[in-house]
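**Student:** Dropping the structure in here first, questions after.
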Amino acid sequence: MAVGKLRRSDRAMPEEDTTALLQRALVGRIGTVDADGMPYVVPLNFVYEHAARRIHLHFAKQPGHLTSNLKFSSKVCFEVDEPGPIIARGETGCETSHVYESVICFGRAQVVSDERERERIARLFLRKYVDQHMPDRSYKPGLAALSIVDFATVEVGIMTGTRRPSL
């Protein structure tokens with residue numbers, strides 16, 4: 001099956017719903033592969049910039065699977081999901097389903113080295129995770145932790161959104 005082709009096209013989400021899920025989700029999972037072909041998936045905080053079709057990832061600035069894999073291959077898969085209730089669809093236990101929405105993106109990722117861009121991305125994270133989700137929190141200006149974090153930007157090539165609605 002081709003990358004980005006939905007098996008269940010009847011569950012495809014409109015682009016505006018797909019974008020909305022990417023903007024409200026707090027954790028996403030990035031999938032990479034190492035030189036031996038071993039896949040690696042890790043949950044990360046992220047920010048999605050819709051106009052640029054970019055996902056910015058936030059992670060520790062130290063050697064690890066993610067940075068090693070990105071050096072090997074920039075090809076990535078990124079996923080977010082939002083689970084809903086488990087529902088009965090019939091009389092037997094097998095006739096059970098789960099309501100959900102999910103987005104999967106395929107693209108290429110690169111660690112951000114430009115300091116001005118790193119600062120801009122850090123401010124996007126502050127806006128999303130502090131200003132939007134903790135509006136009453138006051139904090140000192142500046143980016144005190146910028147030297148110990150890294151960012152990677154995913155240039156999204158293909159994006160699909162799916163949902164399993166309730167009955």
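**Student:** Taking region 1-23 on its own, how many of its residues are surrounded by 13 or more Cβ atoms within 10 Å (Cβ to Cβ) and either under 11 Å from V80 (Cα atoms) or touching a residue at least 12 places away in the same chain (Cβ under 8 Å) (or both)?
**Tutor:** 10
**Student:** If you don't mind, another one. Return yes when A20 is at pLDDT 95 or above and touching a Ser or Thr at 6+ places or on another chain (Cβ under 8 Å) and no when it is not.
**Tutor:** The answer is no for A20.
**Student:** Among P85, P63, which is the only one that is part of a loop (DSSP other than H, G, I, E, B) and surrounded by fewer than 11 Cβ atoms within 10 Å (Cβ to Cβ)?
**Tutor:** Of P85, P63, the one residue that is part of a loop (DSSP other than H, G, I, E, B) and surrounded by fewer than 11 Cβ atoms within 10 Å (Cβ to Cβ) is P63.
**Student:** Let me ask something additional. Taking the criterion of being under 23 Å from E155 (Cα atoms) and in contact with an Asp or Glu (Cβ under 6 Å, 6 or more places away or on another chain), would at least one residue in region 77-88 satisfy it?
**Tutor:** Within region 77-88, one or more residues are under 23 Å from E155 (Cα atoms) and in contact with an Asp or Glu (Cβ under 6 Å, 6 or more places away or on another chain).
**Student:** Next question, about the same structure. Would you confirm whether or not region 121-133 contains a residue that is farther than 23 Å from V33 by Cβ, out of contact with any His (no Cβ under 7 Å at 6 or more places or on another chain) and among the acidic types (D, E)?
**Tutor:** There is at least one residue in region 121-133 that is farther than 23 Å from V33 by Cβ, out of contact with any His (no Cβ under 7 Å at 6 or more places or on another chain) and among the acidic types (D, E).
**Student:** Scanning for something among the aliphatic types (A, V, I, L, M) and under 25 Å from E16 (Cβ atoms), does region 135-152 turn up at least one residue?
**Tutor:** no
**Student:** Would you pick out the residues in region 24-44 that are within 15 Å of the chain's Cα centre (by Cα) and either surrounded by 16 or more Cβ atoms within 10 Å (Cβ to Cβ) or outside any strand (DSSP E or B) (or both)?
**Tutor:** R24, A25, L26, V27, G28, I30, G31, T32, L44, listed by residue number.
**Student:** Tell me, please, whether a residue that is touching a helix residue (DSSP H, G or I) at 6+ places or on another chain (Cβ under 9 Å), at pLDDT 90 or above, among the small types (G, A, S) and part of a strand (DSSP E or B) can be found in region 102-113.
**Tutor:** Yes, region 102-113 contains a residue that is touching a helix residue (DSSP H, G or I) at 6+ places or on another chain (Cβ under 9 Å), at pLDDT 90 or above, among the small types (G, A, S) and part of a strand (DSSP E or B).
The values are calculated or read from the model by the stated rules, or taken from the named source; none is laboratory data. Since the model is a prediction, treat every value here as computed from it, not as a measurement. Positions of Cβ are backbone-derived with ideal geometry, glycine not excepted, and every protein chain shown enters the neighbour counts.
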